[in-house]
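Working notes for the structure below.
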Protein chains: 2
Amino acid sequence: MSANDERALLTDLYQLTMLQAYFDQGMAETAVFEFFVRKLPAGRNFLVAAGLEQVIDYLETLHFGADELDWLAGCGRFDRRFVDSLAKLRFTGDVQAVPEGTVFFVDEPILRVIAPLPQAQLVETRLINLLQFQTLIASKAARVRLAARDGLLVDFGMRRAHGAEAALLSARASFIAGFDGTSNVLAGMRWDLPLFGTMAHSFIQTHDDELAAFEHFARSHSKACTLLIDTYDTEAAAHALLPLARRMAAAGSPLQAVRIDSGDLGEHSRRVRAILDAGGERAIRIFASGNLDEYAVHALRDAQAPIDGFGVGTRMNTSADQPYLDCAYKLQEYAGRPRRKRSEGKATWPGRKQIFRHRDKTGTMTGDTLTLAGDTPPGTPLLATVMQGGRRLTAAPSLATLRDHVKTQLAALPPELRRLDPAPPYRVEISAQLRELARQVDARQR
Amino acid sequence: MSANDERALLTDLYQLTMLQAYFDQGMAETAVFEFFVRKLPAGRNFLVAAGLEQVIDYLETLHFGADELDWLAGCGRFDRRFVDSLAKLRFTGDVQAVPEGTVFFVDEPILRVIAPLPQAQLVETRLINLLQFQTLIASKAARVRLAARDGLLVDFGMRRAHGAEAALLSARASFIAGFDGTSNVLAGMRWDLPLFGTMAHSFIQTHDDELAAFEHFARSHSKACTLLIDTYDTEAAAHALLPLARRMAAAGSPLQAVRIDSGDLGEHSRRVRAILDAGGERAIRIFASGNLDEYAVHALRDAQAPIDGFGVGTRMNTSADQPYLDCAYKLQEYAGRPRRKRSEGKATWPGRKQIFRHRDKTGTMTGDTLTLAGDTPPGTPLLATVMQGGRRLTAAPSLATLRDHVKTQLAALPPELRRLDPAPPYRVEISAQLRELARQVDARQR
């Protein structure tokens, strides 16, 4: 989670068995690896890069702890000289990457590691683990943001996220992608994210009477009070709270919102809006939650349901329709020679690559060119150096900056890609230079 | 991950806003919450309970750190007296639960917390987060085990797990459910799990010649050597490695296995088996990986593909077809009175409950009865007390013990539930006593 929690043994065993062989052969020349996505998941017209900051933290602090070295020495798989060499291992390489929040597509590398082979190899597993997850969540959350238009969006998903780190990082990734905040308190503390929270059904149930529960909660939280109204009968609760709402308004601390968490959210929100309006409480907002994702939010928006904010949890937090990306971290070059994997269905473009993005006069993206770094086609190059000699080059951008970047990126997407329905693929042209290099590498390998 | 990493603020904001209101009202009588699954996901005939040990660790060590208390005091939402009271908060309650590895079904509570209301409320979010994830993974992994019959199964999924904790806990949960080990080194170190690992395609590609890569790897890992043979041409590699395999066997360290990671795994395995057998290398095992899940493993088994072991990653580790459970932690009783939630589609059975399991003479499960604790129908009760007064009652069972328990449980399932295809639901009878209590609670609540 924070850099201090990182353990070098958070990796696949094969990284270490390969490192032993590299050590025995004295293979430590410069290796170049790139991270990219092989295929867009169904239901995604674009991806949003995220997780770079956690990768930089990880690389900057990479080292084996004493307990880890002891364990390695005692496990019977590695020789002592090799384990001793690991005690000194630090990441001394360079990293080039696209900024977090950048929209990208199939085959486009969003991160490149250039480092002595053992370092570049060892970090593969955790690096993929960090980049794929936040990219997955940011890409899903961006769709929810597009569907919600300017409605309030809150990450409610901690409980069904896959563990603590997933909960924390999805709060971060969804905020970058356009959510307004999270219910996850530790994420709020760690990244200074706006926090949102109301009450659970259990709060109502611990009281013998729903209205008494409302009164008690309002007394403790007069400054920011949202009441959950669906425990027994949503519309009856909306009626029943009107006298309390009038007293709160009279006391200068008006009730902010009601939350509906079950049933037909569109239908309930309309009825509740009518009840509140008829009671003179036009300023009370309606907040909805329960099984929401971009499709449900879009349907509610389309039906003009009078919902002001959405709590979106599980389905965003687990990227439930597509819970992983077909992504890879692949060797592109070793000891100065380009490399290429040709396994069936998994061939990759060799060499160090750069993405050039093209835009029309209005700023709308019109296509990308994938070519070799050093090439200078028209367009804006997306990858830039973020670490040199194992150190980060500039301070981490604020999450607000990254969030603005995503907003700008989404606004520049071709309109058909912004829709939830599948769009024709965005044009990514492979340059003639890159095709020629692939041909040469194929001719040389075996 | 370990208990020491736990933070009390790893929770939803609303738990704390509710606690402030409970504090203001002096509401601290005993509350009873139960964790259960509301609905079986499509493609699951049963669930396997997992995650209890992590819940016990969490509850035993629950406390607010000084930095957390400072943050709470400064965030402007809570009053000082309340925050001061949190400094002293520890979990002092009881926990009743089914043993990890127990098969269970819809509406059956697998864990009950009995504690002063603020404690029982605060822990909701992390408790669900821990129980739902490991239960999700153990339930998926058990299906892979059933499909693989007695084949070797290794968790390969760290890279696409949702963060570090998901990677660690899915290694644990899949081992309990019948996997033989994991590639995740830190999980191996933490829980003494068998580790497996070979080499990546990048290892082959850093060498100018595939055979040189094989030779180098074999030299460093003569005791346990598996070669990855699909980087360029799977069958050509199988032919090419025969002289090396003969030399290794002659030197007393025979090549253990080859791994195939792409293409038609059934077809390749048959051809590779034929090549190895024709070369006199019948003892070399074939290990397969790449996009595997229970359906793919079952299809390979059904087609009698000569595969000895399977690396199963992403789809097991993310429970890709069903990445979350519709589960809840619900108030059942407060201050001695049973409670029931009645929100649309989310009604729950009230009171403290017990599951009684029925078996036929051969030991096969024939149905469960869900009733009130204290009731004594026929059958074996599944929930037992695991924590009392905030302390665990017995030492954590070994993972080997839990794994044996799952094996016994899976063997006792009705045969139709063991198949991958959807089966008619297992019979869970709701007792007359429980129905009567629900009726009484409904009559009382509003």
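How do the pairs read when you match residues in the range B:356-383 that are more than 22 Å from B:VAL113 (Cβ to Cβ) with residues anywhere that are basic (Lys, Arg) and surrounded by 14 or more Cβ atoms within 10 Å (Cβ to Cβ), using Cβ under 7 Å and keeping only pairs 6 or more apart or on different chains?
That search, which allows pairs on different chains as well, returns B:MET365/B:ARG357; B:GLY379/B:ARG357; B:THR380/B:ARG357.
Applying the selection to the range B:171-197, what residues are among the hydroxyl-bearing types (Ser, Thr, Tyr) and farther than 18 Å from A:LEU72 by Cβ?
B:SER174 - this is the single residue of the range B:171-197 that is among the hydroxyl-bearing types (Ser, Thr, Tyr) and farther than 18 Å from A:LEU72 by Cβ.
Within the range B:169-186, can you find the residues that are at the interface with another protein chain (Cβ under 9 Å from one of its Cβ atoms) and within 20 Å of B:THR401 (Cβ to Cβ)?
The answer is B:LEU169, B:SER170, B:THR182.
Would you mind finding the one in A:ALA303, A:ALA288, A:ALA237 that is within 20 Å of A:LEU146 (Cα to Cα), within 14 Å of another protein chain (Cβ to nearest Cβ) and among the aliphatic types (A, V, I, L, M)?
A:ALA288
How about the range B:208-292: which strands (runs of 3 or more DSSP E) wholly inside it have at least 1 residues that are closer than 25 Å to A:ARG444 by Cα?
In the range B:208-292, the matching strands (runs of 3 or more DSSP E) lie at B:226-228, B:257-260.
Which of the residues that make up the range A:3-52 are free of Cβ contacts under 8 Å to residues at least 24 places away in the same chain and more than 11 Å from every other protein chain (Cβ to nearest Cβ)?
Within the range A:3-52, no residue meets the criteria.
For the list (1) modelled with pLDDT of 95 or more; (2) of a type in the set (A, V, I, L, M, F, W, C); (3) over 30 Å from A:HIS162 (Cβ atoms), I need the number of the one condition that B:ALA438 fails.
(1)
What are the residues in the range B:339-390 that are of a type in the set (A, V, I, L, M, F, W, C), assigned to a loop (DSSP other than H, G, I, E, B) and touching a helix residue (DSSP H, G or I) at 6+ places or on another chain (Cβ under 6 Å), if any? Steps first, please.
Of all residues in the range B:339-390, those of a type in the set (A, V, I, L, M, F, W, C) come to B:347, B:349, B:355-356, B:365, B:370, B:372-373, B:382-384, B:386-387.
Still in the list and also assigned to a loop (DSSP other than H, G, I, E, B): B:347, B:349, B:382-383.
Answer for the range B:339-390, where residues must be of a type in the set (A, V, I, L, M, F, W, C), assigned to a loop (DSSP other than H, G, I, E, B) and touching a helix residue (DSSP H, G or I) at 6+ places or on another chain (Cβ under 6 Å): just B:TRP349.
Looking at the range A:204-227, which of its residues are more than 21 Å from B:GLU29 (Cβ to Cβ) and either among the aliphatic types (A, V, I, L, M) or not assigned by TED's automatic domain parsing to the domain that holds A:ASP264 (or both)?
Within the range A:204-227, A:ALA218, A:ALA224, A:LEU227 qualify.
Can you tell me which residue in the range A:324-338 is surrounded by the fewest Cβ atoms within 10 Å (Cβ to Cβ), limited to those that are part of a strand (DSSP E or B) and within 30 Å of the chain's Cα centre (by Cα)?
Among residues in the range A:324-338 that are part of a strand (DSSP E or B) and within 30 Å of the chain's Cα centre (by Cα), the one surrounded by the fewest Cβ atoms within 10 Å (Cβ to Cβ) is A:ASP326.
Against the definition (over 30 Å from B:TRP191 (Cβ atoms) and surrounded by fewer than 21 Cβ atoms within 10 Å (Cβ to Cβ)), how does B:ASP24 come out, yes or no? Can you show your working first?
Working: over 30 Å from B:TRP191 (Cβ atoms): yes; surrounded by fewer than 21 Cβ atoms within 10 Å (Cβ to Cβ): yes.
Here the answer is yes, as B:ASP24 does meet what is asked.
Cβ-Cβ under 8 Å, sequence separation 6+ or interchain: first residue in the range A:187-198 and facing chain B (nearest Cβ under 7 Å) and closer than 23 Å to A:CYS225 by Cβ, partner surrounded by 18 or more Cβ atoms within 10 Å (Cβ to Cβ) and among the aromatic types (Phe, Trp, Tyr). Which pairs?
Cβ pairs passing all conditions: A:MET189/B:TRP71; A:GLY197/B:TYR14; A:THR198/A:PHE287; A:THR198/B:TYR14.
Considering only residues of the range A:306-319 that are surrounded by 19 or more Cβ atoms within 10 Å (Cβ to Cβ) and part of a loop (DSSP other than H, G, I, E, B), which is farthest from the other protein chains (Cβ to nearest Cβ)?
Going through the qualifying residues, I end up with A:ILE307.
Taking B:GLY74 as meeting all but one of (1) buried (at least 24 other Cβ atoms within 10 Å of the Cβ); (2) within 14 Å of another protein chain (Cβ to nearest Cβ), write down the number of the exception.
(1)
Yes/no matrix, rows are residues, columns are (1) farther than 21 Å from B:LEU72 by Cα; (2) more than 9 Å from chain B (Cβ to nearest Cβ); (3) not aliphatic (A, V, I, L, M):
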| position | (1), (2), (3) |
| --- | --- |
| A:ILE204 | yes, no, no |
| A:ASP208 | yes, no, yes |
| A:PHE214 | yes, yes, yes |
| A:ARG219 | no, no, yes |
| A:ILE229 | yes, yes, no |
| A:LEU242 | yes, yes, no |
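If we only count helices (runs of 4 or more DSSP H) wholly inside the range A:122-203, which ones have 3 or more residues that are buried (at least 24 other Cβ atoms within 10 Å of the Cβ)?
Qualifying helices (runs of 4 or more DSSP H): A:124-148, A:164-176.
Is it true that some residue in the range A:84-102 is under 17 Å from A:VAL48 (Cβ atoms) and part of a helix (DSSP H, G or I)? Break it down into steps so the answer makes sense when it comes.
Initial filter on the range A:84-102 (under 17 Å from A:VAL48 (Cβ atoms)): A:97-102.
Still in the list and also part of a helix (DSSP H, G or I): none.
No, there is no match, as no residue in the range A:84-102 is under 17 Å from A:VAL48 (Cβ atoms) and part of a helix (DSSP H, G or I).
Tell me which residues, restricted to the range B:238-255, are surrounded by 23 or more Cβ atoms within 10 Å (Cβ to Cβ) and either closer than 19 Å to B:GLY309 by Cα or modelled with pLDDT under 95 (or both).
Residues satisfying the conditions are B:ALA238, B:LEU255.
Out of (1) free of Cβ contacts under 8 Å to residues at least 24 places away in the same chain; (2) at the interface with chain A (Cβ under 10 Å from one of its Cβ atoms), the odd one out for B:ASP150 is which?
Against the list (1) free of Cβ contacts under 8 Å to residues at least 24 places away in the same chain; (2) at the interface with chain A (Cβ under 10 Å from one of its Cβ atoms), B:ASP150 comes up short only on (2).
The values are calculated or read from the model by the stated rules, or taken from the named source; none is laboratory data. In this text the structure is predicted, and so the values were computed from the model without any measurement. FYI the Cβ positions are ideal-geometry reconstructions off the backbone, even for glycines, and counts take in every protein chain you see.
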